[in-house]
Every structure is written in C-alpha cells, then in structure tokens.
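J.: Here it is: the structure, laid out below.
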Amino acid sequence: MEHYFSSAPKSDDRLGLIRAKLCCHNFEFLTSSSVFSKTRIDLGTRVIIETMVLPQKGCVLDIGCGYGPVGIVAAALNKQLHVVMSDVNIRAVRLARRNVQMNHVFNAEVRYGYCYEPVVDLRFDCILSNPPVSAGMDLVRAIIKGASSVMAADGSFQMVIRSKIGSKALPELFEETFGNCTVLARESGYRVLMGKLG
C-alpha cells in the first residue's frame, strides 16, 4: 500500500483543490492522490497553524510540508520571514511549489529530501512540524532529535501531535533535546508542543 511519505508515488496524479480560511486569510491549495489529507485541511494542521509562534524576522522551516499549508500561511502572515518547506514526497513538493505561486507568497521556497538533509546549509529561528505519525515513531523522534542541528541559537521547535500519542515520552524527549517543553495548545484531540534553545 502506498503512503503519503513515499518518496515517489506511483498512483495516478488526480488533482483536487481545497479552499480554506486560516488565520483570517483565504487560501487555495492544489492537492493530489498520495499526499496527506488531500480533501481537506486536517485538524492537526489547523491547530498548529492557529497557534504557531512565529519570529518577527529570520528563517522558518516547515518540515514534512505536504502540499504546503503550514509554511504558506506562515509566509503569508509575515513577509519579513524566509520560509523553507521540505518533504520527502516529490509529488507533495511539486504541489507545494505550485501552491506557493498560487497564493502569491514570494518569501517561501520548497526543497525535496528526507528529514533535515535538504536544509543542512541553513539555520532556523523556528521549525514547524506536523509529523507523519503513520511512518512510525522512530521518524517522529528523529525529527525532534535532529532539529537542534539546524536551529539558530535561540530558535524554537513546534510540533503538533495527537494528544494520546506519546503523552509522556514526547515531552520527555523535548526536555532531553531542548532542555524544556511547553504545551502551546490543546484542541480537538491534539496538542502543540514547543521546545526552545537558548
């Protein structure tokens, strides 16, 4: 069975269109088969979009961006940011690039590759993640533990996760990795965790 975290989906590319109001702004997103939440903005994505804490300036990473809603909203909310979006699914990357153009966010770029490999040349003031839990908790842990290698000295890492998943283990991993863990939001069966460096 093919998953949305497959690097090169082989299913037919059947395009769809989602219109959504996020943070009081209207957006349109092209979607397709073999990408995550292809028919609507999922609840976890909505929760992190509505609660994410963005820096006033600097670089932001949307890791595992899918077709791009988190990164595109972040870029639209603050034109002073440079937003990088990355994904291992080449179809998602192509869609995200089209959605960047369609939503007229010129302070965003999309890179292809696994985990932090596409962005080792950069340092981020903020990393946002709606992780592919279906790919397994080892990948979720790798996203958390690898974040500090590409974070600026006072950067933040924010992840949305279902409340019942890793309820003790993930905050402990945040504490181990960042030295702290804050719950930014609890909503609709999800929570947003934040760890900060510095």
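J.: Give, rounded to the nearest 20 debye, the magnitude of the charge dipole that segment 84-198 has about its Cα centre when Lys and Arg contribute +1 at Cβ and Asp and Glu contribute -1 at Cβ. Can you show the working numbers first?
T.: On the way: 14 positive and 11 negative charges, 91 e Å.
Magnitude of the dipole: close to 440 debye.
J.: Could you work out the relative contact order of segment 41-198? I mean the mean sequence separation of Cα pairs under 8 Å and 6+ apart, divided by the number of residues, in percent. Intermediate values should be presented prior to the final figure.
T.: Working: 334 pairs, mean separation 35.4, N = 158.
RCO, segment 41-198: 22 percent.
J.: Between Cys24 and Asp154, what length in nm is gained on full extension when 0.36 nm per residue of separation is reduced by their alpha carbon distance? Please report the intermediate quantities before stating the final value.
T.: Numbers: separation 130, 0.36 × 130 = 46.80 nm, distance 2.86 nm.
The Cys24-Asp154 span can extend by a further 43.9 nm.
J.: With every protein chain left in place and a probe of 1.4 Å, what is the accessible surface of Arg46, to the nearest 10 Å²?
T.: Accessible area, nearest 10 Å²: 80 Å².
J.: Mind ranking Arg111, Arg97 by accessible surface for me, highest first, 1.4 Å probe?
T.: Details: Arg111 50, Arg97 110 Å².
Reading off the accessible areas and sorting them downward yields Arg97, Arg111.
J.: Now, a different point. Suppose we keep just the alpha-carbon trace of the chain; what are its Rg and Dmax in angstrom?
T.: Radius of gyration, then largest Cα-Cα span, for the chain: 15.4, 46 Å.
J.: I've got another one for you. Over 30 Å between Cα atoms, which of Lys21/Lys79; Lys164/Lys196; Lys21/Lys168; Lys168/Lys196 qualify?
T.: Long pairs (Cα-Cα over 30 Å): Lys21/Lys168.
J.: Which one, Leu54, Met85, Leu122, is farthest towards the positive end of the dipole of segment 49-122 when Lys and Arg carry +1 and Asp and Glu -1 on their Cβ?
T.: Checking the options against the dipole of segment 49-122, the answer is Met85.
J.: Among Leu30, Gly44, Met137, whose Cα sits farthest toward the positive end of the charge dipole of segment 24-181 (+1 at Cβ of Lys/Arg, -1 at Cβ of Asp/Glu, about the Cα centre)?
T.: Leu30
J.: Follow-up question, since we're still on this one. Out of His25, His82, His104, any idea which swings most in a Gaussian network model of the chain, alpha carbons joined below 10 Å?
T.: Fluctuation is largest for His25.
J.: If you don't mind, another one. To the nearest 10 degrees, how steeply does helix 137-147 sit against the main Cα axis of the chain, on a 0 to 90 scale?
T.: The angle comes out near 70 degrees.
J.: Right, next: Given +1 on the Cβ of Lys and Arg, -1 on the Cβ of Asp and Glu, and no further charges, what dipole in debye does the chain carry about its Cα centre, rounded to the nearest 20? Don't skip to the answer; put the middle values down first.
T.: Numbers: 23 positive and 18 negative charges, 98 e Å.
Roughly 480 debye, rounded to the nearest 20.
J.: Label points 7 Å out from Cα along the Cβ direction at Tyr114 and Gln56: separation in nm?
T.: Result for the modelled spin labels: 4.0 nm.
The values are calculated or read from the model by the stated rules, or taken from the named source; none is laboratory data. All of these numbers come straight from a predicted model, not from anything done at the bench. So basically every Cβ, Gly included, is an ideal-geometry build from the backbone, and we count neighbours across all protein chains shown. Remember, those area values only see protein heavy atoms, side chains included, never the ligands or the DNA or RNA. Shrake-Rupley method; radii C 1.70, N 1.55, O 1.52, S 1.80 Å.
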